[in-house]
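Notes for the one structure printed next.
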Amino acid sequence: MRILVTGGAGFVGSNLCLAFKRDNPDARVIAADNLKRRGSELNLPRLRAAGVQFEHADIRDPNDIAALGPMDLLIECSAEPSVQAGYGGTPAYLIDTNLRGTLNCLEAARTHDATFVFLSTSRVYPIDPLRALPLETENNRLVLPSGATGTGWSGHGIAEDFPLAGHRSLYGTTKLSSEQFIEEYRAAFGLKAIINRCGVLAGPWQMGKVDQGFMSLWAARHLYGGTLSYNGFGGLGHQVRDVLHVDDLYDLIALQLNRPELALKDVWNVGGGPDNALSLKALTDACASRSERSLNITGNPETNPADIPWFITDARQVSNAFNWHPKRTLDNLLDEIFEWLEAQRALLEPLLK
Ligand SMILES: NC(=O)c1ccc[n+]([C@@H]2O[C@H](COP(=O)([O-])OP(=O)(O)OC[C@H]3O[C@@H](n4cnc5c(N)ncnc54)[C@H](O)[C@@H]3O)[C@@H](O)[C@H]2O)c1
């Protein structure tokens, strides 16, 4: 068994590599990454210590992927993962990696008859309809009125049948386009592919930055000191997301790989769901009590064009199909992130402060 994880030195990729190697010690697990994301290089010693092979490779170059050799399973975790990417500059890197690069990986999976696992995103859902949800403010967070519902949305969150018409960010478009190519590869070549549309993922070894990885960024700034700002939607920190621990994502992928007859079709919304949702303001309170530091967080009322006020994943379809439920609570998740930041302070403080 040969498992190739592209973006394997990144947050999700490195955690999946380690979990696959732990559970399949005889498998050859290869992490391929171009180390574009600052901090991904810090994952290399962890990968090495666990017996995961690291290869420097850029998925934009088909020759780099060909040089990695055949594989039975290809998990595509490489990306420019920020929804803000491409605005105010060129989207070239975003498109070249998230679309063209993903197509190169898809071709490799087709060539080697490998199962392809794609980490898509909740940001495939369009921005204007999400902004038009009838949100109200309650206890410093945005909420849907009780019982309110429409096509693809309800108090359970946003479901797979939320209408897709409209713009969705440059990032979201690279992911939806990739999903559509995967669908065509399934139809044309019988490609075995799993598409998971993930909401916010978090956990230790996420190198949080202002435009991506807000859970670890918030925790790090509270612990190490630094500044934070509530951006958009009035600058109050009332925006809401659900969050899934990366280990719960691994548990799900392992279950999906065991049930190909169910997994290798359609798309799956994957996220922490309503029980694991919080506002930025609530995250601040949780971080302040853990760090015993209260930051003076500024409010920037201006909303970025790609931003949305509220997203909770309706993951009931994937939960029911695979009898999967997130095991780690938000409290567990934050505890683990703080433990990691404390234990690795010397390594992480220069990067995350
Ligand atoms: N983290 C989340 O909240 C989240 C949510 C939904 C979907 N996703 C998706 O999950 C995947 C993993 O995200 P992540 O959070 O681990 O991001 P990450 O930035 O930590 O990891 C991505 C890795 O890809 C590498 N990379 C970038 N361009 C590359 C290229 N051209 N060739 C090879 N490697 C390249 C980076 O160096 C990095 O190590 C991405 O596809 C992302 O879009 C993430």
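The values are calculated or read from the model by the stated rules, or taken from the named source; none is laboratory data. The model shown is predicted, which means the values in this text are computed figures rather than measured ones. Cβ placement follows ideal geometry from the backbone for every residue including glycine, while neighbour counts extend to all protein chains displayed.
Summary of values
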| quantity | calculated |
| --- | --- |
| Elements of type strands (runs of 3 or more DSSP E) in the range 123-220, at least 3 residues being farther than 30 Å from residue 291 by Cβ, away from the ligand (no atom under 16 Å from the Cβ) and free of Cβ contacts under 8 Å to residues at least 12 places away in the same chain | none |
| Counted residues, the range 46-58 - those being more than 12 Å from residue 4 (Cα to Cα) and either at pLDDT below 95 or within 10 Å of the ligand (Cβ to nearest atom) (or both) | 2 |
| Condition check for residue 25: surrounded by fewer than 19 Cβ atoms within 10 Å (Cβ to Cβ) and either touching a residue at least 60 places away in the same chain (Cβ under 8 Å) or not in a helix (DSSP H, G or I) (or both) | yes |
| Unmet criterion (only one of (1) at pLDDT below 95; (2) in contact with a strand residue (DSSP E or B) (Cβ under 8 Å, 6 or more places away or on another chain)) for residue 88 | (2) |
| Some residue of the range 64-77 being within 11 Å of the ligand (Cβ to nearest atom), buried (at least 22 other Cβ atoms within 10 Å of the Cβ), over 20 Å from the mean Cα position of the chain (by Cα) and not in a loop (DSSP other than H, G, I, E, B) | yes |
| Output for the range 259-299, where each listed residue is polar (S, T, N, Q), in a helix (DSSP H, G or I) and over 21 Å from residue 327 (Cα atoms) | 284, 289, 291 |
| Residue match in the range 320-339 (condition: touching a residue at least 24 places away in the same chain (Cβ under 8 Å), in contact with a strand residue (DSSP E or B) (Cβ under 6 Å, 6 or more places away or on another chain) and under 14 Å from residue 217 (Cα atoms)) | yes |
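Residue-by-condition table, conditions (1) acidic (Asp, Glu); (2) closer than 23 Å to residue 214 by Cα; (3) near the ligand (Cβ under 8 Å from one of its atoms):
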residue: 7; (1), (2), (3): no, yes, yes
residue: 11; (1), (2), (3): no, yes, yes
residue: 17; (1), (2), (3): no, yes, no
residue: 25; (1), (2), (3): no, no, no
residue: 28; (1), (2), (3): no, no, no
residue: 40; (1), (2), (3): no, yes, yes
residue: 44; (1), (2), (3): no, yes, no
